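Reading through the structure tokens given below for one structure.
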Amino acid sequence: MEDKPSEVVLFGSWYSPYTSRVALALKLKGIPFKYVEENLSNKSELLLKYNPTHKKVPVLLHNGMPICESLIILEYIDEVWNHAPKLLPEDPYQRARVRFWANYTDQKIMPASYPILLLKGEEKQKAIEDMEEMQRVLEEGIKQDFPEQFSFFNGNTMGLLDIVMGVNSYNYKAFHEVTNSEIIGPKNPKIFMWVNAMKEHPLMKDTLPPHDKVVAMLKSMIAPTPDV
């Protein structure tokens with residue numbers, strides 16, 4: 001447990017959901033921190049120093065010690081500042097299941113969004129169908145593993161899985177607007193309800209970027225590169 005004041009610095013990028021996860025967890029725990037915005041097209045010497053392996057954000061610097069990778073950082077936060085609210089359940093098996101579905105989200109659902117953004121026609125439709133199936137698997141899995149207390153965010157408590165899924169999906173309307181595709185909606189009603197409940201949490205609204213800013217960023221990602 002962290003008994004004395006410590007220096008906490010978060011290196012991140014405003015449009016990185018992985019950064020937003022860490023910022024949200026720190027705020028939930030009431031941990032003061034300094035935020036350093038990184039320009040990922042011109043990475044700072046400090047970022048390269050503290051994450052020389054992947055050279056990515058987020059990096060959490062705690063008393064001069066760097067911790068990288070958002071899911072690892074979330075667990076570190078919960079272990080070092082182990083007061084409520086807890087991000088992970090106490091039961092080892094439940095913790096393992098939370099980790100499993102958080103990894104599923106990162107390894108399956110997050111990468112599946114990029115083809116929807118970039119592809120067109122039949123290929124895009126196939127990517128949308130793949131995403132819908134992955135969300136169905138996620139929804140059914142969570143209902144099976146956490147049928148009661150850990151099923152879906154209830155507006156009062158927020159755990160690691162809520163942070164991961166909520167941050168990833170917070171600006172789904174911006175994604176819909178840019179791609180003209182509905183990837184979160186009535187076809188997966190529990191996820192739809194879950195995400196919309198989390199969108200109303202004050203810390204979510206305080207931490208996540210606004211709709212218009214995300215729309216502009218997504219449009220810039222799919223804009224054609226001008227000829228030189």
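Per-residue answers, yes or no, for (1) under 15 Å from the mean Cα position of the chain (by Cα); (2) surrounded by fewer than 19 Cβ atoms within 10 Å (Cβ to Cβ); (3) not charged (D, E, K, R):
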site	(1), (2), (3)
Tyr18	yes, no, yes
Ala25	yes, no, yes
Glu37	no, yes, no
Val59	yes, no, yes
Asn63	no, yes, yes
Val80	no, yes, yes
Leu117	no, yes, yes
Lys120	no, yes, no
Requested in this report: Inspect the range 197-214 for any residue being farther than 30 Å from Arg95 by Cα, of a type in the set (A, V, I, L, M, F, W, C) and at pLDDT 90 or above and give the result as yes or no.
Outcome: yes
**Report entry** Conditions (1) touching an Asp or Glu at 6+ places or on another chain (Cβ under 6 Å); (2) of a type in the set (D, E, K, R); (3) farther than 25 Å from Lys86 by Cα: number failed by Lys190
**Finding:** (3)
Report task. Note down all Cβ pairs under 7 Å where the first residue falls in the range 87-107 and is more than 19 Å from Leu28 (Cα to Cα) and in contact (Cβ under 8 Å) with a residue 40 or more places away in the chain, the second is open to solvent by less than 50 Å² (accessible area, probe 1.4 Å) and not hydrophobic (A, V, I, L, M, F, W, C), and they're at least six residues apart or on different chains. Result -> Arg97/Asp145; Trp101/Gly141; Thr105/Asn168
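In the range 94-143, which residue that is polar (S, T, N, Q) and out of contact with any Lys or Arg (no Cβ under 9 Å at 6 or more places or on another chain) is farthest from Met217 (Cα to Cα)? Give the steps one after another, and end with the answer.
At the first step, the residues of the range 94-143 found to be polar (S, T, N, Q) are 94, 103, 105, 107, 113, 125, 135.
So of that shortlist, the ones also out of contact with any Lys or Arg (no Cβ under 9 Å at 6 or more places or on another chain) come out as 94, 103, 105, 107, 113, 125.
Values: Gln94: 37, Asn103: 25, Thr105: 22, Gln107: 23, Ser113: 15, Gln125: 22 Å.
Once the filter is applied, the top-ranked residue is Gln94.
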Requested in this report: Could you grab me the full set of residues in the range 48-57 that are under 20 Å from the mean Cα position of the chain (by Cα) and among the hydrophobic types (A, V, I, L, M, F, W, C)?
Outcome: Val57
Requested in this report: Only residues in the range 14-31 that are basic (Lys, Arg) count as the first member; pair them with residues that are in a helix (DSSP H, G or I), Cβ under 7 angstrom, at least 6 apart or cross-chain, and list the lot.
Outcome: Arg21/Ser70; Arg21/Leu74; Arg21/Ile163; Arg21/Val164; Arg21/Val167; Lys27/Leu203; Lys27/Thr207; Lys29/Ile77
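I'd like the full set of residues that are over 28 Å from Leu117 (Cα atoms), touching a Lys or Arg at 6+ places or on another chain (Cβ under 9 Å) and modelled with pLDDT under 90, limited to the range 158-181.
First, the residues of the range 158-181 that are over 28 Å from Leu117 (Cα atoms): 158-159.
Among the residues that remain, those that are also touching a Lys or Arg at 6+ places or on another chain (Cβ under 9 Å) are: 159.
Listed by number, the list is empty, since nothing qualifies.
Pick from the range 65-78 the residues that are aliphatic (A, V, I, L, M) and open to solvent by 30 Å² or more (accessible area, probe 1.4 Å): which of them is farthest from Ser16 (Cα to Cα)?
Going residue by residue through the range 65-78, those that are aliphatic (A, V, I, L, M) are 65, 67, 71-74, 77.
Within this subset, residues satisfying the condition of being open to solvent by 30 Å² or more (accessible area, probe 1.4 Å) are 65, 71-72.
Details: Met65: 22, Leu71: 14, Ile72: 16 Å.
Only one residue fits best here, namely Met65.
The values are calculated or read from the model by the stated rules, or taken from the named source; none is laboratory data. Predicted model only: the values in this text are computed from it and were never measured. Positions of Cβ are backbone-derived with ideal geometry, glycine not excepted, and every protein chain shown enters the neighbour counts. Side chains included, ligands, DNA and RNA excluded: accessible areas come from the protein's heavy atoms. Shrake-Rupley method; radii C 1.70, N 1.55, O 1.52, S 1.80 Å.
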